[in-house]
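The values are calculated or read from the model by the stated rules, or taken from the named source; none is laboratory data. Remember, predicted model here, so these are calculated numbers, not experimental data. As a convention, Cβ positions derive from the backbone with ideal geometry for all residues, glycine included, and neighbour counts pool all protein chains shown. When the accessible area is computed, the model is the full protein with side chains, heavy atoms only, and any ligands, DNA or RNA have been set aside. Shrake-Rupley method; radii C 1.70, N 1.55, O 1.52, S 1.80 Å.
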Amino acid sequence: NMLLAVLTAYPLSKTKTEFRARSFFAWFFIVTMYINGGLIPTFMVVRYTGLIDSFWALIVPGALNIFNMLIVMNYMRNCIPREVEESAIVDGAGYWRTLIRIVLPLSTPVLATVGLFFTINHWNAWFDGILYMNKTENYPLQSYLRSIVMEIDSSMMEVVDDSLFEALSDKTSKCAQIVMSIIPIMLVYPFAQRYFISGITLGSVKE
């Protein structure tokens, strides 16, 4: 997600003089935010390309998030001085070196913010696993958690005494598993928090 967002946003952040087809590609991507094939056509594309029960089925369909890409594009266009890139080009740096050595280090706030968006989006994605995975062993974490939360614990049915059955509950174990699943995100968020407000605010400004 980050790779495609950066590789798409950087050319679109250039002026029409530097990239003549910028307007065409910008509108090409923006239209996809409002017009898409929908659930069934997307499933058919994934199926006929042989991605069902594959790890790539969770990656390829949503590989480029247009909204986050626009945030990165606006940040590169409005918050990075054009003179810095021009001086690098005058010194002999090409566009690739300028992107890697100049633009990306200066884009740390927006990259950290968008990276957090991507991480949370994939971490909480449970529907894709259920939709594209026929085998339960291929489920991602959230799809697995949904399956155990929705199902009745079979071990509860083995209790003979009705009074014990009423007293026991599998909610405790389910809640413990859910809490354990959110710990990684809770550990990541504090490191990205200081970039969050500045990144989303600066990246949302449109020139």
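From the list F55, F24, F28, F43, pick out the single residue that is of a type outside the set (A, V, I, L, M), within 30 Å of Y139 (Cβ to Cβ) and at pLDDT 90 or above.
F43
Can you find a residue in segment 4-13 that is open to solvent by 70 Å² or more (accessible area, probe 1.4 Å), closer than 21 Å to V114 by Cβ and either outside any helix (DSSP H, G or I) or of a type in the set (G, A, S) (or both)?
Checking segment 4-13: not a single residue is open to solvent by 70 Å² or more (accessible area, probe 1.4 Å), closer than 21 Å to V114 by Cβ and either outside any helix (DSSP H, G or I) or of a type in the set (G, A, S) (or both).
With closer than 26 Å to I35 by Cα and not in a loop (DSSP other than H, G, I, E, B) as the only criterion, which of I100, I120, I89 stands out?
Just a single option satisfies the conditions, and that option is I120.
Quick one: count up the residues across segment 65-84 that are outside any helix (DSSP H, G or I) and surrounded by 13 or more Cβ atoms within 10 Å (Cβ to Cβ).
Matching residues across segment 65-84 total 3.
Conditions: (1) under 22 Å from V114 (Cβ atoms); (2) out of contact with any helix residue (DSSP H, G or I) (no Cβ under 7 Å at 6 or more places or on another chain); (3) loosely packed, with under 13 Cβ neighbours inside 10 Å; (4) not polar (S, T, N, Q). G62 meets all but one. Number of the miss?
(3)
Report, by residue number, each residue of segment 44-57 that is open to solvent by 80 Å² or more (accessible area, probe 1.4 Å) and under 13 Å from N134 (Cβ atoms).
Hit for segment 44-57 is R47, nothing else.
Please go through (1) within 20 Å of the chain's Cα centre (by Cα); (2) assigned to a helix (DSSP H, G or I); (3) farther than 21 Å from T98 by Cα for L51 and return the number of the only condition it doesn't satisfy.
Checking L51 against (1) within 20 Å of the chain's Cα centre (by Cα); (2) assigned to a helix (DSSP H, G or I); (3) farther than 21 Å from T98 by Cα, the one that fails is (2).
Collect the residues in segment 14-43 that are open to solvent by 90 Å² or more (accessible area, probe 1.4 Å) and in a helix (DSSP H, G or I), keeping them in residue-number order.
F24, W27, F28, Y34, L39, I40
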